[in-house]
Amino acid sequence: MGCTYCEKEDARKRAFEAIWANDINEVFADVAYYYDRINAFASLGMLETWRQRFISTIETQPGDRVLDVCAGTNVIGIDLLKRQPELDVHAIDRSVDMQKVGRVRAMRHGFEINSVIGDVHTLPFPDNHFDVITLQYATRHLRVMDVFSEIKRVLKPGGHFYHCDMLRPTNKIVEQGYYLYLRACLGFLSWAFRSGNAAVKSQRYFIDAIRMFYSTEELSLLMQELGYSNIVGKSVMGGAVAYHRACKA
């Protein structure tokens, strides 16, 4: 098997490894209690529409064991349980603060989500364990090939992986406009929500992380090279956001 994006992954790791290791956790601890609100503002109110579109792509059966990777405040797990309360939903995230908010949110809805705090690059689950795995709005901060390989390992044969994130638009005009908007938006929201020093210092990183990330088509090819099958990738907002679905053969 070839490795079309090994060089790109190495470049991302060299550029961001120190930030991933030392800063990201502090950023999410800072924004955990207003994370969902700030994302709603940043998306100009479109976040709920995008999330429901993502949820609509996820096929589950009663009793399925579901893992939400980088679960954050558990919005995906809660939405899936609203639709099908019989699911066995698990969450993993490295941020204690984000999961603390997520557990409270789940309890308010009367749901129990089994939470693990840990590194998603090494999932603490056995092989062939989950029917469905989801990952949304976090992959830019991860070593993609490592995490996607781990997800495939713990996914049952015939199980499905559903992914959503902000990606790099292939249209150069859309891409440059996207970065200009993000730069202005991040600056304003940091001021409006009185973000802490860690979040303010990371504004440049959040744009650079997208600049060095994948397009919809590139992420589909990466999944294919990792051995996933039946891969479907769909983009919205000119490729700024994309949904992927893939199967473990």
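Coordinate-derived values only; no laboratory data. As the structure is a prediction and not an experimental result, all values here were calculated from the model. Virtual Cβ from ideal backbone geometry, glycine too; neighbours counted across all protein chains shown.
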- [ ] Mind listing the lone cysteines of the chain, meaning no other Cys beta-carbon sits under 4.7 Å from theirs?
- [x] Cys70, Cys164, Cys185, Cys247
Open item on the list: Suppose we keep just the alpha-carbon trace of the chain; what are its Rg and Dmax in angstrom?
Closed with: 17.2, 48
Open item on the list: Please compute the alpha carbon radius of gyration of region 1-146, then divide it by the globular-protein estimate 2.2 N^0.38 Å. Two decimals is fine.
Closed with: 1.09
Open item on the list: Given R₀ = 30 Å, what would the calculated FRET efficiency be for Glu48 paired with Val232, taking r from the Cβ atoms and rounding to 0.05?
Closed with: 0.85
Task: Added length on full extension, which subtracts the Cα-Cα distance from 0.36 nm per residue, Ala192 to Arg211 - done: 4.3 nm
Task: Antiparallel bridge percentage (DSSP; both residues within the chain; nearest 5) - done: 40
Open item on the list: Which lysines, if any, have their Cα less than 28 Å from the Cα of Lys234, not counting same-chain residues under 8 positions apart?
Closed with: Lys8, Lys13, Lys82, Lys152, Lys156, Lys172, Lys248
Task: Rg(Cα)/(2.2 N^0.38 Å) for region 207-249, N = residue count - done: 1.20
Open item on the list: Test of the criteria: in region 32-114, which GluC sites (Glu not before Pro) are in a DSSP loop and have at most 10 other Cβ atoms within 10 angstrom of their Cβ?
Closed with: Glu86
Task: Gaussian network model of the chain, springs between alpha carbon atoms under 10 Å - residue of His163, His121, His109 with greatest fluctuation - done: His109
